[in-house]
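Visitor: The structure's right below; bear with me while I get my questions together.
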Amino acid sequence: MDSLALLDDRVAGCVACPRLVAWREEVGRTKRAAFQDWDYWARPVPGFGPADAPLLIIGLAPAAHGGNRTGRMFTGDRSGDVLYRALYDVGLASQPTSVSIDDGLELHGVRITAPVHCAPPENKPTPGERDACRPWLVQELKLLRPTLRAVVVLGAFGWQAALPAFAEAGWTVPRPRPAFGHGTRVPLDGLDLFGCFHVSQRNTFTGKLTPEMLRAVLRTAGEAAGLPVK
Ligand code: SF4
């Protein structure tokens, strides 16, 4: 795989997980009432952002009526509203909203991806699906490596999925593996890995993750990546 664009293209055509293929397509057929006019993406959602990004954000998996509808990571759902608002506030996104693949949004030095590229039922991929999708993340990390300086992982699932991917992509990951925590910062062979609570509605509605907490992690990670943040 010699370019991120090619990787993204291949990811979007993946059919390796039968349960997720069936679910993403069924959701695309049945749709949510509010989105009946939409032609759902209903495929794996590739990473979003520049190929030379120094900062990578790793989530969990696309939402059924968010990324699985729009075809772009965290686009068209409440989690994305929170994430992109925060990225805009700290100067890492061109606009505060992300509603569709052609809305003009650009990320400044940031790429967003997930360890599982298909929307899972109940937002819960199985361990087998997580492992099946890992080679895509490993390839993505290898392609980003020349510029990558900092990574923010959203939530414990992403953290547990990301560490083996970093190891497979050639980074030296400490043993025992560092535990996930909000605000955790782990140096990893030339980059800094940050833990952050996931931007799920459960976390943001309850105040477990506030906009200020999210901005603080993004600001620190952006500085670690050498990006101009505010
Ligand atoms: S979750 Fe990953 S490995 Fe499974 S079908 Fe989707 S893109 Fe392929």
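None of the figures in this text is laboratory data; all of them are computed from the coordinates on show. Note that the structure is predicted; figures quoted are calculated from it, not measured. A quick note on method: Cβ atoms are made from the backbone with ideal geometry, for glycine too, and the neighbour counts reach across all protein chains shown.
Visitor: Given (1) more than 12 Å from the ligand (Cβ to nearest atom); (2) surrounded by fewer than 22 Cβ atoms within 10 Å (Cβ to Cβ); (3) in contact (Cβ under 8 Å) with a residue 12 or more places away in the chain, identify the lone condition not met by Leu87.
Guide: For Leu87, the exception is condition (2).
Visitor: I've got another one for you. What are the residues in segment 204-230 that are without any contact (Cβ under 8 Å) to a residue 40 or more places away in the chain, closer than 27 Å to Glu122 by Cα and not aliphatic (A, V, I, L, M), if any?
Guide: Listed by number, the residues that qualify are Phe205, Thr206, Gly207, Lys208, Thr210.
Visitor: Quick one: in segment 1-40, of everything that is within 11 Å of the ligand (Cβ to nearest atom) and small (Gly, Ala, Ser), which residue is nearest to Pro120 (Cα to Cα)?
Guide: Of everything passing the filter in segment 1-40, Ala22 is nearest to Pro120 (Cα to Cα).
Visitor: Identify, from the list Val138, Val99, Val152, the residue that is in contact with a helix residue (DSSP H, G or I) (Cβ under 8 Å, 6 or more places away or on another chain), within 16 Å of the ligand (Cβ to nearest atom) and either in contact (Cβ under 8 Å) with a residue 40 or more places away in the chain or of a type outside the set (Lys, Arg) (or both).
Guide: So the residue among Val138, Val99, Val152 that is in contact with a helix residue (DSSP H, G or I) (Cβ under 8 Å, 6 or more places away or on another chain), within 16 Å of the ligand (Cβ to nearest atom) and either in contact (Cβ under 8 Å) with a residue 40 or more places away in the chain or of a type outside the set (Lys, Arg) (or both) is Val138.
Visitor: Further question: I'd like the residue in segment 216-230 that is of a type outside the set (Gly, Ala, Ser) and buried (at least 18 other Cβ atoms within 10 Å of the Cβ) and, out of all such residues, is nearest to Gly195 (Cα to Cα). It would help to see each step written out before you state the result.
Guide: Taking segment 216-230 and keeping what is of a type outside the set (Gly, Ala, Ser), we get 217-220, 223, 227-230.
Going one step further and asking which of them are buried (at least 18 other Cβ atoms within 10 Å of the Cβ), we end up with 217-220, 227, 229.
On the way: Val217: 8, Leu218: 10, Arg219: 13, Thr220: 11, Leu227: 18, Val229: 19 Å.
My answer is Val217.
Visitor: Taking only segment 25-73 into account, find how many residues are under 27 Å from Phe194 (Cβ atoms) and of a type in the set (Ser, Thr, Tyr).
Guide: Here the count works out to 1.
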